[in-house]
Structure formats: C-alpha cells, structure tokens
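The values are calculated or read from the model by the stated rules, or taken from the named source; none is laboratory data. These numbers were taken from a predicted model, which means no experiment stands behind them. A quick note on method: Cβ atoms are made from the backbone with ideal geometry, for glycine too, and the neighbour counts reach across all protein chains shown. Keep in mind that these areas ignore ligands, DNA and RNA; they rest on the heavy atoms of the full protein, side chains included. Shrake-Rupley method; radii C 1.70, N 1.55, O 1.52, S 1.80 Å.
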Amino acid sequence: MKKIIVALLVIIALPFIAALFTTKEYHAWGSVNINRPIKDVFDYIVLLKNQENYSTWAEMDPEMKRIYQGTDGTVGFIAGWESQKEDVGVGEQEITAIDPYKRIDYELRFKTPFESTAPAYMTVESILPNETNVQWHFDGKMDYPMNIMLWFMDFETMISNDFDKGLDKLQVILEKK
C-alpha cells in the first residue's frame, strides 16, 4: 500500500516539477503584404474600431457588447468587449504607443474567463510605393504551473493562424478601397 501511495504522489508531482523547467512565454505573429500605400494601411489599422472588420476574435461573437473610451487612433484609447461566450469572454485593449507609419503598441487585458495582461503590436513597412507589409504580434505568458499547458497546446500556432486569417481579411478590405 505504501508503494502505491508513493507512486501516486510521484505521478501527481511530476507535472508540477516539469512545469518548473518549462518556458512561461510564447510569441505569436502573422504577416501579409497589402497592395496599398503605407499611409492608407496605417491610417486604417491605427483605429481599433476597425479591428471589428478583420479580427478573427471579433467575429466569434457578433452580439458581444463593445465599450469605447477616448479618441480612437490615439494613445490611451480603450476598446473593450463583453461576451457571454467563454471563448471570447471579457476584456479590453488599449493603445499604449504609436510610431506613425511604423508601429502601434497595445496592452491586452483579459478579465474572463481568465485574468491576464499581455502586450501586442502591429507594424507596417513599405515594400513598394503601393505595397505594404503588415505584421501582427502577440507576446503571451502562462504562469507556473499553468505553463505546463504549453507542452500540450500550441498557443503560438493557434494565435498565429488567427492573425493570418485576420490579416487576410484586412488585405481584402484594403485592396477593395
């Protein structure tokens, strides 16, 4: 009986021990080239409300409540959401920095179904006078012992795929203008 109890304790302890040696951070990103001048692209993506037109997460619950604070397209603007769907939850995104025609930084604050704060950003780079590369980045973190989930779920690929889908929609929207 003692051996069974020791074996059970070892089995229970192993994931917690493994989590001590597992990374806690991950990075996801997507990229697309859009046949539009950098000014047109940047002027569209700097407005957080426009993410409703191309973000994969925005279409997960078209009925979600949206809350806005401040002036869109400026540092300090907050776009919040409240959804009854667990995959969407409750949270907000704030513009924290803008480097015109180069980069927009955000802070994502998830409130439910779990609390978390993470940085994200979008960059633009002129490839040709009428072609712009857009990249969307997210830096996630999972605290101990939840970081063991990174062994079983590929968050980087899942989020990167969502970025790619959203950026493909952004490309269609902007190239129709």
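If residue 107 meets every condition in (1) at negative phi; (2) at pLDDT below 95 apart from one, which number is that one?
The single condition residue 107 does not satisfy is (2).
Looking only at residues that are charged (D, E, K, R) and modelled with pLDDT under 95 in the stretch 46-64, which one is surrounded by the fewest Cβ atoms within 10 Å (Cβ to Cβ)?
Among residues in the stretch 46-64 that are charged (D, E, K, R) and modelled with pLDDT under 95, the one surrounded by the fewest Cβ atoms within 10 Å (Cβ to Cβ) is 63.
Name the one entry in 156, 175, 115 that is at pLDDT 90 or above and either touching a strand residue (DSSP E or B) at 6+ places or on another chain (Cβ under 6 Å) or surrounded by fewer than 18 Cβ atoms within 10 Å (Cβ to Cβ) (or both). Let's see the steps before the verdict.
Values: 156 fails: at pLDDT 90 or above; 115 fails: at pLDDT 90 or above.
Just a single option satisfies the conditions, and that option is 175.
Out of all the residues in the stretch 88-103, is one or more farther than 19 Å from residue 45 by Cα and assigned to a strand (DSSP E or B)? Full working, then the answer.
So the first thing to find is which residues in the stretch 88-103 are farther than 19 Å from residue 45 by Cα, and the list is 88-91.
Adding the requirement that they be assigned to a strand (DSSP E or B) leaves 90-91.
The answer is yes, given that some residue of the stretch 88-103 is farther than 19 Å from residue 45 by Cα and assigned to a strand (DSSP E or B).
Which of the numbered conditions does residue 77 fail, given that it passes all the others? Conditions: (1) modelled with pLDDT of 90 or more; (2) open to solvent by 50 Å² or more (accessible area, probe 1.4 Å); (3) under 18 Å from residue 42 (Cα atoms); (4) touching an Asp or Glu at 6+ places or on another chain (Cβ under 8 Å).
(2)
For the condition touching a helix residue (DSSP H, G or I) at 6+ places or on another chain (Cβ under 8 Å) and either closer than 25 Å to residue 177 by Cβ or open to solvent by 60 Å² or more (accessible area, probe 1.4 Å) (or both), what is the one hit in 103, 36?
36
Residues to consider are 88, 124; find the one that is closer than 19 Å to residue 68 by Cβ, crowded, with 16+ Cβ neighbours inside 10 Å, among the aliphatic types (A, V, I, L, M) and touching a Phe, Trp or Tyr at 6+ places or on another chain (Cβ under 8 Å).
From the options 88, 124, the qualifying one is 88.
Among the residues of the stretch 1-35, count how many are at pLDDT 80 or above and basic (Lys, Arg).
Here the count works out to 2.
Step by step: first the residues of the stretch 87-96, then only those that are in contact (Cβ under 8 Å) with a residue 24 or more places away in the chain and in contact with a strand residue (DSSP E or B) (Cβ under 8 Å, 6 or more places away or on another chain), then the one that is farthest from residue 59 (Cα to Cα). Which residue is that?
Of the residues in the stretch 87-96, the ones in contact (Cβ under 8 Å) with a residue 24 or more places away in the chain are 87-89, 92-93, 95.
Still in the list and also in contact with a strand residue (DSSP E or B) (Cβ under 8 Å, 6 or more places away or on another chain): 88-89, 92-93, 95.
On the way: 88: 10, 89: 13, 92: 16, 93: 16, 95: 21 Å.
The qualifying residue farthest from residue 59 (Cα to Cα) is 95.
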